[in-house]
Structure formats: C-alpha cells, structure tokens
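The values are calculated or read from the model by the stated rules, or taken from the named source; none is laboratory data. Only a predicted model underlies this, so the values are computations on that prediction, with no experimental measurement involved. Glycine also receives a Cβ, built like all others from the backbone with ideal geometry; neighbour counts cover every protein chain displayed. Ligands, DNA and RNA are stripped out before the accessible areas are found, and what is left, the full protein with its side chains, is counted by its heavy atoms. Shrake-Rupley method; radii C 1.70, N 1.55, O 1.52, S 1.80 Å.
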Amino acid sequence: MFALQAFTGLSVFSILMLMALGLAIVFGLMGVINMAHGELMAMGAYATYGTSVLFEAYFPSLMSIYFIVGVVLAFFATSVFGYFLERSLIQFLYKRPLDTMLATWGVGLILQQLYRQFINPRPVEVPTASWLQGVWQVSEDVSFPMSRIFIVGLAFLTATLVYLFLYRTRRGLLIRAVTQNRGMSGAIGINQKRVDAYTFALGCGLAGIAGSSFTMLASTAPDTGQAYIVDTFIVVVFGGVESLLGTIMSAFFIGQMQTWFEFYLSGSMARAGILLLVIAVLYFRPNGLFATKVRR
Amino acid sequence: MTAALKIDNLNVFYGDSHVVRDINFELQDRESIAIMGRNGMGKTTLLKALIGLLPVRSGSVTLGGQVITSAESHERVIAGMGYVPQGREIFPYLTVRENILAAMQISKTRTIPPFVYDVFPVLEEMQTRRGGNLSGGQQQQLAIARALVSNPKVLVLDEPTEGIQPSIIREIAKALNHLKAELNFALVVSEQVLGFTMEIADRFLIMEKGEFVYEDNREDVDTDKIHAYLTI
Ligand SMILES: Nc1ncnc2c1ncn2[C@@H]1O[C@H](COP(=O)(O)OP(=O)(O)OP(=O)(O)O)[C@@H](O)[C@H]1O
Ligand SMILES: [Mg+2]
C-alpha cells in the first residue's frame, strides 16, 4: 500500500515536474507569468491525441510506438507556438507583468475556445499501447502500472536533457547569461531577443511534453490545463524561482504531499493543506525552499 | 583617417533630467582618454549611452566610420566596442570560464584566447568558480577579459578602480597597458583616481554636470587643477 501510494505520487510528480520545469524557465528565468501555460499543456495533449488518430487511420501497424512520435510532435507543436507567441506578443510586455498576465490569460481563453470549437468540446482519450497496458507485479499485492513507470521515465529523461542543454551547450550558456543579467548580456555581444524567443519556446515545449504524458493518466478536455496551472505555479515558487533543481525537488515534494493528503483527506482539503504548508515555508524562506546564495 | 570613435553633440536624459549635455569628442586608434569627474556628474550615463544601454535624445555615435547611435548593444559589440561596467556586473551563477565563453559569441572559436590567462593568471586558477564568489579585484579582471575576448577596437571602462585596493589598481593599470599594446584597442575610461589614469591615459577630459569643462594631454597636464575638479 505504502509503495503504491508513493508511486502514484511519483507519477503526479512527473507531470507536475514537466509543467513546472517549463514554467520555471518561462517564469523563473524570464520573469514572464504565462497564464496560458496550462493551455499549452492541453495543446501537447491534443497533439498526442491527434497523432494517435492519424496512426490509427494510416499506420495501424505502428500503433505501439505512436506515443513516442506523439511526445516529439507535442514538443514541436507547443514550442513553435511558443516561439511565435513570444515574437508577436510577449516580447512587447517584458517589463509589464500585469499586462503579461492579462494577455496570456486571454491567449489561454482563446486556445480553450479553439479546442472546443475545432477539436472536441468533450474529453478525448488516447489508446494505450499494449506494452504500456500491463502491470509490473512486484509482489502479491504490490503492482505498478507500466504506463506510470513510463511517465516517470519520460520525465526523468526530459529533465536530464534539459539539464544537458542548459549546462552543456552554447545555447544553454546564453540562456543562463541572459536570465542572470539581460543588459550585460547585450553589452558582451549576445542577441538577447533571439535568446528570449528560444528560451520561451523551450519552456512551452516542456508544457507540451507534460501534456503528452498527461494523456496516459486521464482524458483531455479543453480546460484540462486549468487544473494544473495553479499547482504548477505553487511548485515553481516553492522551489525558488531561480533554481531548476529546486523546481524538480519541489515538484517531487508537492506531488507526494498531494497524493498523501488526498489519501487521508478529501481533495479540496488536501489542496488547502498543501497551500498552508507552502505559505508556512515561504514565510521562513521567502526565496523558496531550495534557493541558492551567491554574491551579486 | 577616420577616428576610432566619434561623439557628436550627444544629449542623454533620464525622463526630464538632462544628464549628458552636448558632449563632443573624438578618439583616435590606440588612443586612450580618461573622463574624470566627481560622483553623479554623468560619466556612467555617457558610457552607457555609448554601449547602447541608454537611449540618446540627440546627437550621434560613430564607431570606426559606422554610425551606431541607435544600434542595439550586441550590434555595437559586433561593430567593435567592448564594455566593462561600473560594478563589473559579472554573471554571478556562471563560472569564470563560462563568463568568458558567453562573451565569445561573435568569435568563431570556443577556445579562450591565450592572452586572458597570460595576463590574468588568477582567472585560470579560478576557472570553475562561480563569478559571484570572486573578490572585487578578481571580478574586475574577469570583466576586462570578458570585454576583450570579442576583440574590440574601442574598450569602454567605467570606474575600474572603484572599491579595489591600491596594489591591485596598479596591477590592473599594468595589465591594461600590456593588453593595449598587444591587442591594439583604443580606450575610454571613466575615473576619479588620478594616479590610475596618469598611468594609462593620453588625454584627460573633466566632466562636470554633464558637460566637459576642461581638457588636457598627459604631457602638459596640470594635476593640481584636475585634483581641484575632483575634490570640490
Ligand atoms: N536611472 C536613473 N534615473 C534617474 N536619474 C539617474 C539614474 N541614474 C543616474 N541618474 C542621475 O544622473 C546623474 C549622473 O549619474 P551617473 O551615474 O552618470 O554619474 P557618475 O558620474 O557615473 O557618478 P559616479 O562617479 O558616482 O559613478 C546623477 O545625478 C544621478 O542621480
Ligand atoms: Mg558612474
């Protein structure tokens, strides 16, 4: 029972972590409060759904691997969308957080309406590949669903790739430089606007991957993103907005709390409990639980 | 011959306050000028306008014949300007090495040029330390190295001696003279410490309330007069 509960927490954590990593990049690093982040997650979920429909119609023999393609497509769809969103809207609002919130909230509403109108007003589900349907029987009464194991694996793989991108590539270095000091980045020859655009696109792409994973846990509706956006912000703030490692640990913590509280209390009591806990922690550590200290 | 840097009738405002007033000057290749003045006279404002961190109200900035008055900062770096800000502004969470690599966007290679560690051996020792954890003097050396790896024709230095102990100030002056001879850049430095500028500048401009009020060459400089301007 204990192990199973902890593992359920782990798969909630995976989605939260992917969402939060994207948001940590967009909000924590760039300072953009992107209220449409949840709808981007839904976009990733719909991209995965779309892939499954296409595969069913045209390559039924490849149905077992459609999900892999779906994840990649979800990432591309959301990051390309994010790129154009940044170029056409966000870039003009960088020093105006309230305007950014309103504008992205509007974008979120428009996206929801588009999903309703052009995809399906009611929840859609994706088929689960046969190899993901099974369970891993650990002992007589402990078994883990394969799909959840897969989600956790995907989350760790993505986090590792993001880490390698940010800390081992030239582009990643530029992202870190610009987020630490925009003005100075320009003054040493970095084209900040270009860096902004692909940083934002990366954050959005991560929301897309989160959405893709989400399809394995539940069905996707136009307003699916709404349920996750608040938790995602909590995770990012709790972890300390400048620390991606903090974001991951914070997602783990909150994902676990969520399932444990829900196990013992009702759903809304559980969320209230988490909020109280987070507020208490932020009272003592205003920069987040895992913020690091460096002389500026 | 075109000047390395030419400033014509430059005016910079913060909102309504007119901080840089009708500034004109020319800098020849490999020349080195010091802009001196007390706190709040507008030195930083002028230099920020040169690198494009502040917009100008009127006037023009020409770098090696190319008008860059409204270019973005990174375009000015590509055009040949290097900038070391007051307070150094090292990227605190990047390592020393990463601070330098980040500034090498426009160079084709990823190898840090040898002059960096030759002239500032301490930076090699500290390669993997976070920039935010260096001392002020070490940060200053890093900031100079970071500005020079893009191979500028004009280096702009804002109060490099601020908060740095005298022995390190002398070292920095020596390093700058050495680098200048090796890399052939021209230099604009804002300062309040005359001892430092006497070692590196060919020409002195005194700034008072946003205007140049006095100019002199090193050969016939009247140090008492400059001291008087700096201490009133
Ligand atoms: N962001 C700002 N907004 C409004 N006024 C400013 C701003 N920055 C500087 N000033 C004003 O502009 C004037 C010139 O400031 P500046 O920083 O250029 O002086 P400085 O000569 O570099 O002084 P210091 O030697 O102290 O560095 C000062 O009166 C200052 O108060
Ligand atoms: Mg200054």
Restricting the search to region A:137-170, which residues are surrounded by fewer than 13 Cβ atoms within 10 Å (Cβ to Cβ), within 14 Å of chain B (Cβ to nearest Cβ) and assigned to a helix (DSSP H, G or I)? A:Tyr167, A:Arg168, A:Arg170
Counting only residues that are under 23 Å from A:Phe84 (Cα atoms) and without any contact (Cβ under 8 Å) to a residue 12 or more places away in the chain, which one in region A:186-199 is least open to solvent (accessible area, probe 1.4 Å)? A:Gly186
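From B:Asn24, B:Asn11, which residue is of a type in the set (S, T, N, Q), on the phi < 0 side of the Ramachandran plot, within 16 Å of ligand 1 (Cβ to nearest atom) and at pLDDT 95 or above? Before the answer, list the steps.
Working: B:Asn24 fails: within 16 Å of ligand 1 (Cβ to nearest atom).
Just one listed residue meets the conditions, B:Asn11.
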Does region A:102-118 include one or more residues that are of a type in the set (Gly, Ala, Ser) and open to solvent by 70 Å² or more (accessible area, probe 1.4 Å)? no
Does B:Leu5 count as open to solvent by less than 30 Å² (accessible area, probe 1.4 Å), more than 14 Å from every other protein chain (Cβ to nearest Cβ), away from ligand 1 (no atom under 16 Å from the Cβ) and within 14 Å of the chain's Cα centre (by Cα)? yes
Looking only at region A:25-54, count every residue that is open to solvent by 10 Å² or more (accessible area, probe 1.4 Å) and among the small types (Gly, Ala, Ser) and tell me the total. 4
All positions within region B:151-178 that are closer than 18 Å to B:Leu27 by Cα, at pLDDT 95 or above and not in a strand (DSSP E or B): B:Pro152, B:Lys153, B:Leu176, B:Asn177
Condition check for B:Pro92: within 9 Å of another protein chain (Cβ to nearest Cβ) and outside any helix (DSSP H, G or I): yes
Just to be sure before I move on: is B:Leu230 open to solvent by less than 30 Å² (accessible area, probe 1.4 Å), within 16 Å of ligand 2 (Cβ to nearest atom) and part of a helix (DSSP H, G or I) in the structure I sent? yes
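With the requirement that a residue be open to solvent by 20 Å² or more (accessible area, probe 1.4 Å) and either within 9 Å of chain A (Cβ to nearest Cβ) or within 13 Å of ligand 2 (Cβ to nearest atom) (or both), what does region B:60-73 give you?
Answer for region B:60-73, where residues must be open to solvent by 20 Å² or more (accessible area, probe 1.4 Å) and either within 9 Å of chain A (Cβ to nearest Cβ) or within 13 Å of ligand 2 (Cβ to nearest atom) (or both): just B:Glu72.
Considering only region B:11-32, state which residues are among the aliphatic types (A, V, I, L, M) and either within 16 Å of ligand 2 (Cβ to nearest atom) or open to solvent by 10 Å² or more (accessible area, probe 1.4 Å) (or both).
B:Val12, B:Val19, B:Val20, B:Ile23
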Could you please find all residues in region A:73-92 being in a helix (DSSP H, G or I), of a type in the set (A, V, I, L, M, F, W, C) and surrounded by fewer than 17 Cβ atoms within 10 Å (Cβ to Cβ)? A:Phe76, A:Val80, A:Phe84, A:Phe92
Residue satisfying condition, being more than 16 Å from ligand 2 (Cβ to nearest atom) and either closer than 15 Å to B:Val156 by Cα or in contact with a helix residue (DSSP H, G or I) (Cβ under 9 Å, 6 or more places away or on another chain) (or both), within set B:Arg76, B:Arg57, B:Arg38, B:Arg88: B:Arg76
